[in-house]
1. What do you get for Rg/Rh of region 81-149 when both radii come from the Cα atoms and Rh is the Kirkwood radius?
2. Rg to Rh for region 340-490: what is it, with Cα atoms only and Rh by Kirkwood?
3. Which of the peptides 538-548, 331-341 is most tightly packed, and how do the rest follow, going by the mean number of other Cβ atoms within 10 Å of each residue?
4. Would you mind calculating the relative contact order of the chain from Cα pairs under 8 angstrom and at least 6 residues apart, reporting the percent as a whole number?
5. Which value in nm describes the separation of the simple spin-label points at Glu345 and Trp456, placed 7 Å from the Cα toward the beta carbon?
6. In µm²/s, what is D for region 489-530 at 37 °C and 0.692 mPa s, where D = kT/(6 pi eta Rh) by Stokes-Einstein and Rh is the Kirkwood radius from Cα pairs?
7. To test your reading of the geometry: what angle, between 0 and 90 degrees and rounded to tens, separates the Cα axis of helix 74-84 from the longest principal axis of the chain?
8. Which value results for Rg/Rh of region 412-558 when Rg is the Cα radius of gyration and Rh the Kirkwood radius based on the inverse mean 1/r?
Amino acid sequence: MFSNMHFLTRRRRIIKQGVDFKQIDREWDWDDFILFQALLAFMAYYTFPSLVDLPLWDLKGYLFALLLHMGVSEPLYYCMHRLLHTDHLFKHYHSLHHSSLVPQPFTAASATPLEHLMLFVVMGIPILGATFVGSGSVALIYGYVLVFDFMRCMGHSNIEVLPHALFEALPFLRYLIYTPTYHSLHHTEEDSNFCLFMPLYDALGKTLNKKTWELHMQITKVGDDRIPDFVFLVHVVDVISSIHSPFAFRSYASMPYTPRLILLPAWPVACLIMLLMWAYSKPFLISFYYLRSKFVQTWIVPRHGFQYFLPFASKGINKQIEQAILRADKMGVKVLSLAALNKNESLNGGGTLFTKNHPDLRVRVVHGNTLTASVILNEIPKDVKEVFLTGATSKLGRAIALYLCRRKVRVLMLTLSAERLHKIKMEAPLECQQYLVQVTKYQAAQDCKTWIVGKWITPREQSWAPPGTHFHQFVVPPIFGFRRDCTYGKLAAMRLPEDVQGLGSCEYTLERGVVHACHAGGLVHFLEGYTHHEVGAIDVDRIDLVWEAALKHGLRPA
């Protein structure tokens, strides 16, 4: 969890790339080594009678185990590890471990059965040795195995946790304990730093990488915090989906979000964290990836969806969003895109509040809704002559209605406000205004098979749709599909280009490699080098332009 808390560890990262889906899938069965250790432990338990009645504690056993580890296990592992790097064994066995380009704690357990067996032998020598001389104990077994696995996971964490000042004060320690930097060099260069935990044997074997301590000093004392080119500012949807983050469950975050019963025990913890974030928190980094050498980060406003609808919470939420914008501006971020409720019209005017309060912003603040409208409009078949639109007077509803009426499509706009509808009509060409029709009840759409949903609708309201209706939607969270005789579109989204690097988490319910249209719209704004803010109302004349720009940059409909 700590290694994926990028908001805490970004300066201490050793290898800067992100962990992609291929590596996560390859390391999916990381617990194989635990099952393997348990199986062999049972075999040892029934093979050696002396293991049956061990005392809980024996201090001498720790001393014997330490001597056997340093004098036998360490040099034995060093020799076996160098052997695994010979051509045949590396190709057929050890290459699996090294196929993970960015070391992670899970990487420590990603290995073939042969390597797990070798590790078990290395681990077993100190435990069995101490037991055979009569100093074994239950605490020694569990303690040694725990420390052994912890050290391996630490070495593969890709986050430097040991301060360089420690080695400056006690130089001999650099030969007694390795660091994540030390082992990461082994993964990148493969011809040095073979030790288990003690660099002493690399020094004796003349395989100590000369860059080790210089790199360690650079990371721990200077750090490297690259400024992102583009930031997508999201918020938490609900309590249980807050677990859908890389630092909570990396494997879970790599799949589209779905509620899972197995996560219910974590709900009280997630609820407590929600309350703590509400009391004291600020926007923070949760994930990142690279797109054609451009650095893209996702920041999160530590507020849940329901909080956006609490009247007394709106001021604090806007303060959080403003804090993120000002931080991005100070850092030199080029574009910041607001997601979902962070650009709510009733909350901050679709972002206009921030650009008015800070007219000298260098970071371009965008809502990405132009591309969202483009995605929805391009989903609608060209031969459709009539649509039913809910959320009709919202930013997206307005743009969709104005665009469709220009195509001579009759738009049934569900709204009780004749005044707001009249304002939208006045924006349409005179000859197209007749295609914008106000309706006040869902019954008016009982013969229309194309529904565009921008406002939550209940099962009863859905029941007025005729069989064969397709529900396009831009409502968050998406509506539930109750009608089996109808089809339901997903939230407007775009597939990222294939050359994206280090992407290893999914955006909410979207599939891998797919991002929300407002995210993609912000990317287009950045890649095209637009110099204006995109806040407030959507410029209908730009809908086709932004769509063509997205396709030009390799973004595709999901």
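1. Details: Rg = 14.8 Å, Rh = 13.7 Å.
Here the Rg-to-Rh quotient is 1.08.
2. That ratio is 0.99, to two decimals.
3. On the way: 538-548: 17.4, 331-341: 22.2.
Averaged packing, sorted descending, gives the order 331-341, 538-548.
4. 15 percent
5. The answer from the label model is 1.8 nm.
6. Taking Rh from Cα pairs, D becomes 299 µm²/s.
7. 60 degrees
8. Numbers: Rg = 18.0 Å, Rh = 17.8 Å.
Reported Rg/Rh (Cα atoms, Kirkwood Rh): 1.01.
Bear in mind these aren't lab numbers, they're just calculated from the coordinates by the rules spelled out. No experiment lies behind these values; they were computed from the predicted model shown. Using ideal geometry, Cβ is built from the backbone for each residue, glycine included, and neighbour counts are taken over all protein chains shown.
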